[in-house]
1. If A78 passes every condition in (1) surrounded by 15 or more Cβ atoms within 10 Å (Cβ to Cβ); (2) over 15 Å from the mean Cα position of the chain (by Cα); (3) among the hydrophobic types (A, V, I, L, M, F, W, C) but one, which one does it miss?
2. Can you go through A117, A91, A122, A112 and tell me which one is touching a residue at least 24 places away in the same chain (Cβ under 8 Å), surrounded by fewer than 24 Cβ atoms within 10 Å (Cβ to Cβ) and farther than 27 Å from R207 by Cβ?
3. Among the residues of segment 24-35, write down those that are assigned to a loop (DSSP other than H, G, I, E, B), of a type outside the set (V, I, T) and at pLDDT below 90.
4. Just one of S220, S180 is part of a helix (DSSP H, G or I), under 22 Å from S119 (Cβ atoms) and of a type in the set (S, T, N, Q); which is it?
5. For L221, are the conditions met, namely being crowded, with 19+ Cβ neighbours inside 10 Å and modelled with pLDDT of 95 or more?
6. Search segment 50-60 for residues being at negative phi and surrounded by fewer than 24 Cβ atoms within 10 Å (Cβ to Cβ), and hand back the single one that is farthest from the chain's Cα centre (by Cα).
7. Do we find that K171 is modelled with pLDDT of 95 or more, among the basic types (K, R), more than 20 Å from I87 (Cα to Cα) and under 16 Å from the mean Cα position of the chain (by Cα) in this structure?
Amino acid sequence: MRCFLLWIACLCSVFLTLPFRADGIEVDPELADVPSQDFTLGKDPNKRYFLIGPRTGAAAPAEGYKLLVVLPGGGGNAEFLPFVQRISKHALPQEYLVAQLVAPKWSADQPATWPTAKSRVAKMKFTTEEFLSAVIDDAAKRHKLDPRHCYTLSWSSGGPAGYAAALSNQKITGSFVAMSVFKPDQLPPLKQAEGKAFYLYHSSEDRICPFRMAEQAQKSLAGSKAKVELKKYAGGHGWRGPVFDEIRTGIEWLEINHSAPPQP
């Protein structure tokens, strides 16, 4: 019994000494050179996002920063920040900024983490597409951006909104969608995919979001004259293997195949 109590005491002391931010997110010393800022648009608590970067000591690129906008899977909550900071550090060059959106909570049991114009939930006051567009505009006010390189990264529950935003927003020049569903009836017209770039990342062993949906997305988007790449991986649903290498590969593909930015 005494040994058990000592073990509990030691375990508690470990957790009490871990560094945490004021909002409860664990601080990892490894990420000290990957700064992030916590912003709320228009003082609306449902419009919260983290802007990650610029990297400590990095010079601003002459043509402006490339921007990656992230819609996390799961509950889309703020606790994904350390993982997204690692994406910034290990998968992206220093000329990138990363904007991680935090999913609004309109009700305790809302059916969609990232509700869109075609997947609305009760009490919502804005769509994910509107939120994402406002974040891009806010980042552009804070830093010079390169409009040729504005990409989204979404996975699992974030995927449907990733598709919807890419199809409806001309500011987005490429979209990386991982391990997610594809439901065309809940998206803008697929004809709007023409010229757009989509990198799809999915496991053929996925039992949560069937691989056939990624295959359908590839076929349907390509049929609408989009540029599409489908990368298959092993192991089932979730980020597996050399995650950051895989994300880097997808972003590099988007950089080569991105669509034209909107005209000023």
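The values are calculated or read from the model by the stated rules, or taken from the named source; none is laboratory data. Just so it is clear, the model here is predicted, and its values are computed rather than measured. Here Cβ is always computed from backbone atoms with ideal geometry, including for glycine, and neighbour counts include all displayed protein chains.
1. (2)
2. Unique residue meeting the criteria: A117.
3. Within segment 24-35, G24, D28, A32, D33 meet the criteria.
4. S220
5. yes
6. Within segment 50-60, the match that is farthest from the chain's Cα centre (by Cα) is A59.
7. Taking the combined requirement at face value, the residue satisfies it.
Residue-wise test of (1) outside any loop (DSSP other than H, G, I, E, B); (2) at pLDDT 95 or above.
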residue: A22; (1), (2): no, no
residue: Q37; (1), (2): yes, yes
residue: G42; (1), (2): yes, yes
residue: G57; (1), (2): no, no
residue: K66; (1), (2): yes, yes
residue: G75; (1), (2): no, yes
residue: F83; (1), (2): yes, yes
residue: Q100; (1), (2): yes, yes
residue: W114; (1), (2): no, yes
